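Inspection log for the structure reproduced underneath, given as structure tokens.
Just so it is clear, none of the values below were taken in a lab; they were calculated from the coordinates. Not measured: the values here are computed from a predicted model. Every residue, glycine as well, gets a Cβ built from its backbone with ideal geometry; the counts of neighbours run over all protein chains shown.
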Amino acid sequence: MSQSTRDTEQALLLVARSVARLRTAIVALVGGMVCGTGLFVATLWLVIKGGPTVGPTLGLLRVYYPGYSVTWGGSIVGFFYGALTGAAVGWCVAFLYNRLADRRLRRS
Amino acid sequence: METPPLTANPSETSPRQTIIVGAGPAGLTAALELSKQGLGGVVFEADDIVGGISRSVEFRGCRLDIGGHRFFTKVREVEDLWHEILGDELLVRERLSRIFYRDTFFDYPLKPLNALRGLGFLESCRVALSYLHAQLFPIPDERTFDAWVSNRFGRRLFEIFFETYTEKVWGMPCSEISAAWAAQRIKNLDLLTAVKNAFLGQGTRDGEVVTSLIEQFLYPRLGPGMMWERCSELAAQGGVATRLQHRVVAVQHRADRVVSVEVEGPEPSAAESGSRQRHACDALISSMPISHLVESMEPAAPAPVLAAARGLRYRDFLIVGLLVDRKTLFPDNWIYVHSPDVRVGRVQNFKNWSPEMVADPSHSFVGLEYFVDEGDDLWSMDDADLVSLGAAEAEAIGLFLGSEVIDGHVVRMPKAYPVYDDEYERHLGVIRDWLNRFENLQTIGRNGQHRYNNQDHSMVAGLYAVRNLSGAALDLWSINVEQEYHEEKSSRPTSRGGAQPPATGDRLTPARVQNRLDDILESAFAQYDEIAAGAAVGVTTALGLAFATLFPVLRGQPDFLPTLSLLGQYLFGFEVSWPGLLIGTAEAGGLGFALGWSTARLMNRLVAAAERDLERRLATITTFEL
């Protein structure tokens with residue numbers, strides 16, 4: 001086996017056996033998109049279903065999201081709030097994970 | 001055809017005298033190439049027949065193939081050479097082989113329905129679960145054969161279809177056999193591939209034909225020995241004769257060059273005492289067992305090299321040929337016998353290899369193969385007893401009746417297989433390092449390189465060894481028969497010193513390796529830190545709950561609080577109060593930790609399957625460059 005292949009093999013195995021880090025911005029972006037879309041679809045679904053009282057439980061989110069309601073317009077507002085929340089949670093998880101993983105790696 | 005004159009006096013020797021040791025596929029291919037290039041040379045063969053382990057032994061007009069030699073190669077030049085040597089006498093044969101295990105015949109390669117029927121429903125479920133387990137929890141240390149195969153096929157399938165047979169062949173536990181052997185012999189094949197091939201036909205992966213599943217092959221009309229008998233004749237016509245019953249017993253060297261070899265012939269010579277003759281040479285191409293070569297060197301090799309040579313192990317082989325009074329026996333070319341209750345490892349049906357292997361069409365001729373160690377009980381057994389044993393075991397597995405056996409013949413083949421134990425790479429490295437200093441010495445062939453080669457690999461080594469005599473600089477240890485991978489960049493020079501390399505030498509460069517490494521890099525995943533993931537999700541969840549509770553309180557929205565308190569259904573003790581908040585936050589943190597930890601763990605387990613695949617592909621690359 002040539003030296004270069006041996007080196008590459010070693011490098012690849014090192015990658016495979018190292019500890020993964022999370023790209024904070026990417027995780028925040030993905031979290032934001034998933035949560036934003038999720039709340040948007042959930043709101044829209046209830047609006048389309050209709051009925052005498054539309055989404056009384058989901059509507060309680062207005063406690064946290066001022067201006068949010070289970071309406072066509074509220075779904076857009078919900079999208080932004082959901083995205084904001086998802087991004088914040090994603091960023092927080094990734095940030096904490098990276099810090100803890102680094103710390104644990106240094107200690108080991 | 002007159003053979004070139006040989007003499008005991010080096011000064012009278014031709015200026016380009018090449019000595020080839022061994023008239024197996026590697027040695028005779030080298031001899032033929034030597035004759036084509038008009039270079040002088042001679043082949044010394046210790047035995048009284050050419051072909052090495054690829055010989056055909058005659059018995060009562062029948063021909064016995066030592067081990068069953070399929071002629072299949074991906075190397076165009078080798079295939080062309082086969083056709084050049086034998087022309088129309090090379091037959092195209094269909095492969096049919098089965099496994100005999102627990103009184104049942106299984107198609108090989110395995111076919112799902114056939115295997116399911118043979119194993120039964122419950123055993124099949126065990127196989128499936130075992131495979132699943134191997135995928136989720138592979139054995140991390142894959143250095144041994146059992147680990148390598150279990151990781152690809154599952155432990156249960158390993159036990160059924162690999163363990164007994166492999167231990168019969170190698171005479172040692174699978175846990176002591178290096179995975180290198182499995183990687184080379186079952187390269188690129190795993191259970192999914194085998195199953196896929198069984199359903200969809202001949203398997204390919206990125207255009208690669210999976211090694212163990214070749215369904216058609218070429219075969220000489222009178223067995224593999226016919227190829228090498230003809231090759232020997234052609235080489236002799238070109239001036240490179242083969243001298244049978246000439247055993248090389250010593251190799252003299254001086255100033256890092258081999259200068260002569262001492263040969264023990266069948267008859268006493270006037271020039272030397274006894275039957276020994278010394279032959280000067282300009283180059284030595286040796287296919288004798290590399291351990292013998294080292295031990296034959298004069299002056300003697302250094303002690304560590306000799307110790308390494310003695311550390312190389314071989315597996316020996318004997319075959320019991322039985323002439324059976326029955327026109328047809330079974331449809332297979334050969335049958336693998338996995339059953340532990342008989343000692344035979346494989347049964348060849350030579351009539352199905354070529355009808356002309358049997359003299360009388362109303363008879364059949366089979367070979368029962370026993371994998372042995374020289375000197376063990378089977379090796380030392382009388383021929384007549386071995387014939388009786390063979391007949392009894394054939395009857396025991398239901399092939400034919402012992403009373404149908406007309407006659408039998410035993411052939412013993414020492415050093416048939418180089419053993420890949422844990423130490424062989426280290427020993428071989430020591431030997432190679434020492435032999436590399438001899439600029440006019442090259443080793444070729446299965447035993448010459450202590451590699452479990454097929455004959456096409458050995459032939460390529462023979463060809464390249466001769467081309468090196470003409471100025472090429474081809475590394476014989478880098479040859480791999482999977483050369484189609486390397487043809488894409490055949491214009492890339494590999495010869496040192498600017499010489500135009502031989503066409504096939506170009507293919508030695510593992511051109512596809514780089515491409516494959518790029519592919520592999522894409523499959524390389526790092527592991528998630530499970531504790532860190534658990535902690536991060538746990539802390540975030542706890543903070544989220546605390547925020548969700550405090551926010552409405554601080555904003556003065558008490559009407560929402562009863563709804564929020566419903567979380568107490570899941571977080572026991574949670575309520576909208578300071579103590580309740582503390583309890584709830586702690587519980588949310590714990591649940592978050594469990595969620596993060598288990599997610600990371602699950603991902604790591606699944607990614608481990610990709611990592612295992614990565615290592616397997618790397619192992620494949622390693623075999624390209626060995």
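Legend: mean number of C-beta atoms from other chains within 10 angstrom of residue C-beta atoms, peptide A:98-106, equals 4. Under 5 Å between amide hydrogens, built in the peptide plane, is the criterion, and for B:F59 it picks out B:L64 among residues at least 5 positions away or on other chains. Each peptide in B:223-235, B:566-578, B:124-136, B:352-364 receives the mean, over its residues, of other Cβ atoms within 10 Å, and ordering these scores from highest gives B:223-235, B:352-364, B:124-136, B:566-578. In summary, the range B:51-106 shows an alpha-carbon radius of gyration equal to 1.48 times the 2.2 N^0.38 Å reference for compact globular proteins. With a 10 Å cut-off around each Cβ of B:556-564, the average count of Cβ atoms from other chains is 2. A cut-off of 5 Å between modelled amide H atoms, ignoring neighbours fewer than 5 places along the same chain, links B:S275 with B:S269. Packing-based ranking of B:338-348, B:75-85 yields B:338-348, B:75-85, ordered from highest to lowest mean Cβ neighbour count within 10 Å.
Protection proxy ranking, highest mean first, for peptides B:286-299, B:449-462: B:449-462, B:286-299, where packing is the per-residue count of other beta-carbon atoms within 10 Å, averaged. For the range A:21-107, dividing the convex hull volume of the Cα atoms by the residue count gives 87 Å³ per residue. Binning the C-alpha pair distances of the range B:539-585 at 5 Å intervals from 0 yields a P(r) profile of 5, 24, 34, 27, 9, 1 %, listed from the shortest bin outward. Rg/Rh for the range B:229-323 stands at 1.04; both radii use Cα atoms, and Rh follows the Kirkwood definition. Peptide B:539-548 shows a mean partner chain C-beta count of 3 within 10 Å per residue C-beta. Remark: the range B:425-441, residue by residue, has Karplus-estimated 3J(HN,Hα) of 5, 5, 4, 5, x, 4, 5, 4, 4, 6, 5, 4, 6, 8, 6, 10, 10 Hz, where x stands for each Gly or Pro and the curve is 6.51 cos²θ - 1.76 cosθ + 1.60 at θ = phi - 60°. Can you bin the range A:23-68 into rounded, prolate or oblate? Criterion: square roots of the alpha carbon gyration tensor eigenvalues sorted a ≥ b ≥ c, rounded for a/c under 1.5, prolate for a/b above b/c, oblate for the rest. Oblate, because a/c is 1.5 or more while a/b does not exceed b/c. Computed from the alpha carbon atoms alone, the convex hull of the range B:314-418 holds 98 Å³ per residue. Ordered from longest to shortest, the equivalent ellipsoid semi-axes for the range B:46-149 are 39, 20, 16 Å, each the square root of 5 times a Cα gyration tensor eigenvalue. Proximity of backbone amide H atoms, modeled 1.01 Å from N, is registered between B:D529 and A:A20 at under 5 Å, excluding neighbours fewer than 5 places apart on the same chain.
Think of the range B:345-428 as a dipole: +1 on every Lys or Arg Cβ, -1 on every Asp or Glu Cβ, centred on the Cα centre; then among B:A384, B:S364, B:V419, B:S364 lies furthest on the positive end. Along the range B:386-398 the Karplus relation, 6.51 cos²θ - 1.76 cosθ + 1.60 evaluated at θ = phi - 60°, assigns HN-Hα couplings of 5, 4, 5, 4, x, 4, 5, 6, 4, 5, 4, 9, x Hz to successive residues, with x for each Gly and Pro.
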